[in-house]
Amino acid sequence: MCGRFTLHNSNKVKEKIGFEIAPNYNIVPSNLILILIPEPIFLYWGLTPEWANKPMNLINARIETLKEKPAFKNSKPCIIVSDGWFEWKKSNTVEKMPFYIHNNNKIIYFAGIYNNKSCSIVTKEANPNLSNIHHRQPLILSKKERRTWINEFEIKNLNQFQKLHCHRVGKHVNSPKNNSLQCIEAI
């Protein structure tokens, strides 16, 4: 599951996408986030189906059941722009520990779905190098996969290997009010 992520490298976003952003070290559900459809726009994170009478705030959608769930039936593919995400590792001896997963400040493109109101991150089973932290992770798209996702709404290889880095971070990230470099600093 992906319940928090970052998009703080404003220089890379400007260079790669041609879009200006304010750095964000702690993006939480219900925030406006940058997505590509393929043009860049901002939408609320936490999908609510168009038929719903009240907000559903579905922040993640499993790729394995994406085409089956009624909540996602009329959604369209998008790409969610990020440069890292957080996962909390469960432990029997201490409370959950937050970890930051990233690719050295490079832009990471998540598969996403959207409607005219909101969007959701598409997740898959975690790669073996991340599964000791959490059993799910965002579906990360390569350049070729980004085109396929937008044009065909499908990804053929879900077991792709990404060169990602991971480190434990402090509890500062636990509060949605905190949005600073301290959220991603290793402890």
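One table, with the values for the structure above:
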| quantity | calculated |
| --- | --- |
| Hits in the stretch 54-89 - residues which are in a loop (DSSP other than H, G, I, E, B) and of a type in the set (Lys, Arg) | 54, 67, 69, 73 |
| Matching residues in the stretch 84-97 - criterion: being over 13 Å from residue 8 (Cα atoms) and either in contact with a Cys (Cβ under 6 Å, 6 or more places away or on another chain) or surrounded by fewer than 22 Cβ atoms within 10 Å (Cβ to Cβ) (or both) | 88, 89, 90, 91, 92, 93, 94, 95, 96, 97 |
| Residues of the stretch 10-53 that turn out to be part of a loop (DSSP other than H, G, I, E, B) and either over 17 Å from residue 149 (Cβ atoms) or aromatic (Phe, Trp, Tyr) (or both), as a count | 17 |
| Filter result for the condition that a residue is surrounded by fewer than 18 Cβ atoms within 10 Å (Cβ to Cβ) and under 26 Å from residue 130 (Cα atoms), over 4, 62 | 62 |
| Residue in the stretch 20-33 that is open to solvent by 50 Å² or more (accessible area, probe 1.4 Å) and in contact with a Gly (Cβ under 9 Å, 6 or more places away or on another chain) present | yes |
| Subset of the stretch 37-58 (residues that are within 26 Å of residue 13 (Cα to Cα) and open to solvent by less than 30 Å² (accessible area, probe 1.4 Å)) | 43, 45, 46, 47 |
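The values are calculated or read from the model by the stated rules, or taken from the named source; none is laboratory data. All of these numbers come straight from a predicted model, not from anything done at the bench. Every residue, glycine among them, receives a Cβ derived from its backbone with ideal geometry; neighbour counts consider all protein chains shown. Keep in mind that these areas ignore ligands, DNA and RNA; they rest on the heavy atoms of the full protein, side chains included. Shrake-Rupley method; radii C 1.70, N 1.55, O 1.52, S 1.80 Å.
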